[in-house]
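To keep things clear, I will list the structure first and then write my remarks on it.
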Amino acid sequence: MTSGAVSGPPTVVVTRAESPERGRLGCALRERGARVVHRPVLAMHWSEPASLPRTVLDGADWVAITSARTVEGLRAAGWFDADPPAGTRVAAVGPSTAAAIRAEGWSVAAVPDPSGAEALVRLFAECGVAAGARVVLPGSARARPELADGLRRLGAVVECLEVYGPVPEELDPTAWRKEEWRALTFTSPSAVDAVRAGLPRSSLKALWRLPVGAQGPTTARAAREAGWREVVEAAPRTFDGLARTLLAHLASPSPPTRSAS
């Protein structure tokens, strides 16, 4: 498996858990001419709605939402049945998440540009988050600590809530040996970790030769740390942005390798 010239539409692997027919990333790739292979590496375990009471927002200064998947879980828990309490502002980690929140009827007061956890921390600092400000942070049970740690360094009181937990799927190495593959996509660091832990090194060595499309700087960093060197970050950080950026990269005569940051 290499990223060299191959005739015909490029075949791109989607590792996200989504419908093969209606999944948002797969559809975005197909609309731009790619063939799509689905190899989901994570299953989602959702928290019971009763464990996510909306009353946790009472007295919160901010609620920071880091993924569209988190929005799904909060919808099931009834968070969007009414506006946030007075005095509680909403932040999103990027435009795709912000769009999902707005689709539920909430306003979004802060979206970093560029997107990402560290950029959101910088935006909070610019907004003048005061010491002692209470920030509710719903998200994945396996979320990386950059956002929560950064907010605590600003003096915020952070309350993390587990909305869902990605559970690694058992991966069959024979299903990951396809010569026609041109690229992989990752939409979370957990997906990168699942591939790295779930496949033998012989399989990984072949996959490392493929370009990776990553949705966001945190996921891109995880891919580089796992061994990939040709990593393309979505611009903007949406499913369509990931599809467009990756396919443009594959179409270039000699795609430059993105250096580690």
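Mean residue ellipticity, 222 nm, helices only, the chain: the sum of -39500 (n - 2.57) across DSSP H runs of n ≥ 4, divided by residue count and rounded to 500, is -9000 deg cm²/dmol. This model, with +1 at the C-beta of Lys and Arg and -1 at the C-beta of Asp and Glu, gives region 1-118 a dipole about its Cα centre of some 580 debye. For the charge dipole of region 115-261, defined by +1 on Lys and Arg C-beta atoms and -1 on Asp and Glu C-beta atoms about the Cα centroid, which residue among 235, 206, 195 has the Cα displaced farthest towards the positive pole? Among 235, 206, 195, the one farthest towards the positive end of the dipole of region 115-261 is 206. Taking Cα centre as origin and charging only the Cβ of basic (Lys, Arg, +1) and acidic (Asp, Glu, -1) residues, the dipole magnitude of the chain rounds to 900 debye.
Taking the alpha carbon gyration tensor of region 18-154, multiplying each eigenvalue by 5 and rooting it gives semi-axes of 28, 18, 14 Å, largest first. Placing +1 on the Cβ of every Lys and Arg and -1 on the Cβ of every Asp and Glu, with nothing else charged, gives region 111-241 a dipole about its Cα centre of roughly 380 debye.
Note on the chain: dipole from Cβ charges, positive end direction compared against 137, 17, 78; the farthest Cα belongs to 17. The listed residues 178, 205, once ranked by accessible area (1.4 Å probe) with the largest placed first, stand as 205, 178.
Normalising the average separation of contacting C-alpha pairs (under 8 angstrom, six or more residues apart) by the number of residues puts the relative contact order of the chain at 22 percent. Ordering 180-192, 225-237 by mean Cβ neighbour count within 10 Å, with the highest value first, yields 180-192, 225-237.
Spatial offset of region 106-125 relative to region 47-102 amounts to 15 Å, using the alpha carbon center of each. Under the classification rounded if a/c is under 1.5, otherwise prolate if a/b is larger than b/c and oblate if not, where does region 143-261 fall, given a ≥ b ≥ c as square roots of the Cα gyration tensor eigenvalues? The shape class here is oblate.
The values are calculated or read from the model by the stated rules, or taken from the named source; none is laboratory data. The shown structure was predicted, so the numbers you read here are calculated from the model rather than taken from an experiment. Cβ sites come from the backbone with ideal geometry, for glycine too, and all protein chains shown count toward neighbours. What goes into the accessible areas is simple: the full protein's heavy atoms, side chains included, and nothing from ligands, DNA or RNA. Shrake-Rupley method; radii C 1.70, N 1.55, O 1.52, S 1.80 Å.
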